[in-house]
Amino acid sequence: MSVPPFRRDRALDGATSIPRRVWRGTGWLVLGRVYGSLCTVTALWVLARHLEPADFGRYTFYLAVFALLDSLADFGTGQVAVQQSARDEERLPEVLAATRRIRFAMGALGVLLVGGGAVVFREPGSGWILLAALYPVTHVLELSSTIFRARIALGVPVLMRAVASTLALSFVLALVALDDRDPAHMLCATALGSAIANFVLYLVARAHLPRRAAAHAPVAELFRAALPLGVASLCQQAYFYVDNLFVRAWCGTADLGAYNIAVRVLSILIMGALYVTQAAMPWLAREHAAGRLSQAVARLGQPLFALAGLGTGLLVPWSGSILRVFGAEYEVAAGSLRWLLGATAAIHAGAVLMTALVAAGRMRSVLATAVVGLAVNVIANLFLVPVHGIEGAAAATLLTEGVVVIAAGIALARAGVAVAGGARAWAWLGGPVCFAIAAWISSLAAGS
């Protein structure tokens, strides 16, 4: 597959127009996420019926832990590599040499923490958990896809993610067919699919990388650049998944499994936020350099927030029906899902604002916002989960995402990016207004 260099789209001629390549890239990412989500939901649907509720809860708990491992292995290097190569592609060999070393070190740390911790604390299936914990180290190979991401040519990375999802689902289904009921085995099968796909992605991307060897590996320079992003990313993942610790401690693994089904619905619904901003990041960086970041953020964020509010609002009255697909016992998380749908809408606004901070080079603000979000989430879970159970955990998530939106907006304003001012400031109300109206209309339909 050819990988064209970045060329100025006609849309860039407008002051705040979004280049077509951003939307094409977003389309690829969303398509891949939809396919990956279908594979994941299929695996969860099968395992929800195949495993005992407590074992299913343990499996979803370690999926959350491995999401943190992924973030630790990346540690901001993906965004830094794209940022550096988007500005100067000739520097790519040096960027890759440095970021690969950083990823290897952080991935090895993850193996020690999670795999070693499972062995020390004698978790059931600890040996298999240790083996599965090795897979994030293969994200070192994934860095070769920077060449595609910097040029917003995302077909190959999306294809490889689809391969990973297909392999993971196939391995899980094979174990189910063999009547294997060990959640640690299922976790290892899931990790194996991703590891194989990372290796194949490296082989495909290698043909498109510059032929010359790196003159040097600026590890210290890029680690300093990645450090705020890496810590911020860990904080973001932590405040997204730390509630698993509270729910497991106070509610048990059976309720945790039901709650994580609701969280999985949220993770599917936020793909628009994740992938629009991922595809738009190089463009936002260029708009910042041109002094047009305020207009670009409003142009991208306001309609995305309103659309998210509309979609999630429509789903609120149907929360129980959505969860019932996985089994009647999982409908207990319907109240949690309603809170999480509100959080989903907020994430669409927060993702744009946080990406704008990255594009503006405000790494310390990204870190500070993420730390505040994590602190709010931990405190809220500490007070809400013991009293309200899994609904309290979901309410803490909504509160956290709201705080992140406000904190990111304040940080951008301090950086001279006025997202809440101007003639179109009122358009940010589209998110909550659309959510409320859509939920009301949908509740009338559900009651008819």
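Computed from the coordinates by the stated procedures, all read-outs in this text should not be read as laboratory data. Only a predicted model underlies this, so the values are computations on that prediction, with no experimental measurement involved. Neighbour counts run over all protein chains shown; Cβ positions are idealised from the backbone, glycine included.
Sort 321-332, 174-185, 370-381 for me by packing, meaning the mean count of neighbouring Cβ atoms within 10 Å per residue, highest on top.
370-381, 321-332, 174-185
Please list, in order along region 47-54, the HN-Hα scalar couplings obtained from phi with the Karplus expression 6.51 cos²θ - 1.76 cosθ + 1.60 (θ = phi - 60°), rounded to whole Hz, x for Gly and Pro.
These are the phi-based 3J(HN,Hα) values: 6, 4, 8, 8, 9, 5, x, 5 Hz.
Let's see if you can work this out: charge +1 on each Lys and Arg Cβ, -1 on each Asp and Glu Cβ, no other charges. What is the dipole magnitude of region 242-350 about its Cα centre, in debye to the nearest 20?
The calculation lands at about 340 debye.
For region 242-448, what mean projected area does the convex hull of the alpha carbons give, in nm²?
Hull-based average projected area comes out at 11.6 nm².
Extension gain residue 181-residue 34, at 0.36 nm per residue separation less the Cα-Cα distance, in nm?
Values: separation 147, 0.36 × 147 = 52.92 nm, distance 2.74 nm.
Roughly 50.2 nm would be gained on extension.
If r is the Cβ-Cβ distance from residue 113 to residue 440 and R0 is 35 Å, what FRET efficiency results, to the nearest 0.05?
For R0 = 35 Å, the calculated efficiency reads 0.15.
Counting helices only, and only those DSSP H runs with n ≥ 4, report the 222 nm mean residue ellipticity of the chain as the sum of -39,500 (n - 2.57) divided by its residues, in deg cm²/dmol to the nearest 500. Display every interim value, and only then the final one.
Working: 19 runs with 344 residues, N = 448.
Result for the chain, helices only: -26000 deg cm²/dmol.
Modelled label-to-label distance, residue 383 and residue 325, 7 Å Cα→beta-carbon offset: nm?
Output for this residue pair reads 3.5 nm.
Applying a 10 Å radius around every beta-carbon, put 289-296, 156-163, 382-389 in order of their mean neighbour count, most first.
Details: 289-296: 17.9, 156-163: 20.6, 382-389: 15.6.
My ranking of the peptides, most packed first, is 156-163, 289-296, 382-389.
Convex hull over the alpha-carbon atoms of the chain: what's its volume per residue in Å³?
Convex hull of Cα atoms, per residue: 139 Å³.
Please list the three semi-axes, largest first and in whole Å, of the ellipsoid equivalent to region 348-448, using sqrt of 5 times the eigenvalues of its alpha carbon gyration tensor.
In descending order, the three semi-axes are 28, 23, 8 Å.
With a sphere of radius 13 Å drawn around the Cβ of residue 339, what net charge do the other residues whose Cβ falls strictly inside it have (Lys, Arg +1; Asp, Glu -1)? Don't skip to the answer; put the middle values down first.
Working: positive: 338; negative: 243, 391, 401.
With Lys, Arg at +1 and Asp, Glu at -1, the net is -2.
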